[in-house]
Amino acid sequence: MSTFRLEIVTPERKVYEKDVNMVVVKGVAGELGILPNHIPLVTPLKIAPVKAKIGNSNEFIAVHGGFMEVRKDKVVILAEAAEMGADIDVSRAHMAKERAERRLAQKQSDINAQRAELALQRAISRLESVEEK
Ligand code: ATP
């Protein structure tokens, strides 16, 4: 099975760098599955787990927005924050989820409600990345 290099990079570090058979992401326009030799493309991403397929196994990486660039030789995902499933602190994500839900339940200014909504999406995506294996 042919492969391509997948890199997931944040301003702080390279979170992921492996040869994979396929990557599945949630672009703003919907889910996208990228196979080797895909045409070049750039798309913004939603806050959602990225699935990397290697042979018969899947790896999930929580990617918090950002962009995916499909190049001839590799796929690069650039995001403000991203974590491999194994690096996710589950209790921290649960606490962040509860905190965001509490804030959303209160009457808040739009800007605070938006921040809480994004925090909620990050927490849910982290929990899904751990659970989806
Ligand atoms: P929290 O409220 O728990 O800080 P957050 O969604 O506000 O969560 P971010 O601003 O997205 O956190 O991330 C700040 C840094 O902390 C990033 O480097 C991110 O990778 C890391 N991080 C956040 N939550 C977790 C988690 N549950 N497990 C591992 N790393 C995390």
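The values are calculated or read from the model by the stated rules, or taken from the named source; none is laboratory data. Values in this document were obtained by computation on a predicted structure and should not be read as measured data. So basically every Cβ, Gly included, is an ideal-geometry build from the backbone, and we count neighbours across all protein chains shown. Just so you know, the surface numbers come from the protein's heavy atoms only, side chains and all, with ligands and any DNA or RNA stripped out. Shrake-Rupley method; radii C 1.70, N 1.55, O 1.52, S 1.80 Å.
Laid out as a table, the results:
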| item | result |
| --- | --- |
| Surface accessible to a 1.4 Å probe, LEU41 within the full protein complex, Å² | 50 |
| Area of ARG71 that stays accessible when all protein chains are in place (1.4 Å probe, Å², to 10) | 90 |
| Whole-Hz couplings from phi, Karplus 6.51/-1.76/1.60, listed for region 68-85; x for Gly and Pro | 10, 10, 9, 9, 4, 9, 6, 10, 10, 10, 10, 9, 4, 8, 7, 9, 5, x |
| Accessible area in the full protein assembly, largest first, 1.4 Å probe, for VAL42, VAL76 | VAL42, VAL76 |
| Debye, to nearest 20: dipole size of region 89-131, +1 on Lys, Arg Cβ, -1 on Asp, Glu Cβ | 200 |
| Prolate/oblate/rounded call for region 89-131, Cα gyration tensor, a/c under 1.5 rounded | prolate |
| Charge dipole (debye, nearest 20) of region 51-129; +1 at Cβ of Lys and Arg, -1 at Cβ of Asp and Glu | 120 |
| Entries of LYS18/LYS97; LYS26/LYS74; LYS14/LYS74; LYS53/LYS74; LYS26/LYS107 with Cα pairs more than 22 Å apart | LYS18/LYS97; LYS26/LYS107 |
| Relative contact order (percent, whole number), the chain, Cα cutoff 8 Å, 6+ residue spacing | 23 |
| Charged-residue dipole, Cβ positions (Lys, Arg, Asp, Glu), the chain about Cα centre, Debye nearest 20 | 160 |
| Mean separation of Cα contacts under 8 Å (6+ apart) over length of region 89-131, as relative contact order % | 55 |
| Cα shape, region 49-97, gyration tensor, a/c 1.5 rule | oblate |
| The chain: angle of helix 90-105 to the longest principal axis, Cα-based, in degrees nearest 10 | 50 |
| GluC sites (Glu not before Pro) restricted to DSSP loop in region 20-99 with at most 16 other C-beta within 10 Å | GLU80 |
| Shape category assigned to region 4-85 from the gyration tensor of Cα positions, a/c cut at 1.5 | rounded |
| Positive-end residue, the chain charge dipole about Cα centroid, Cβ charges, pick of GLY66, VAL23, MET1 | GLY66 |
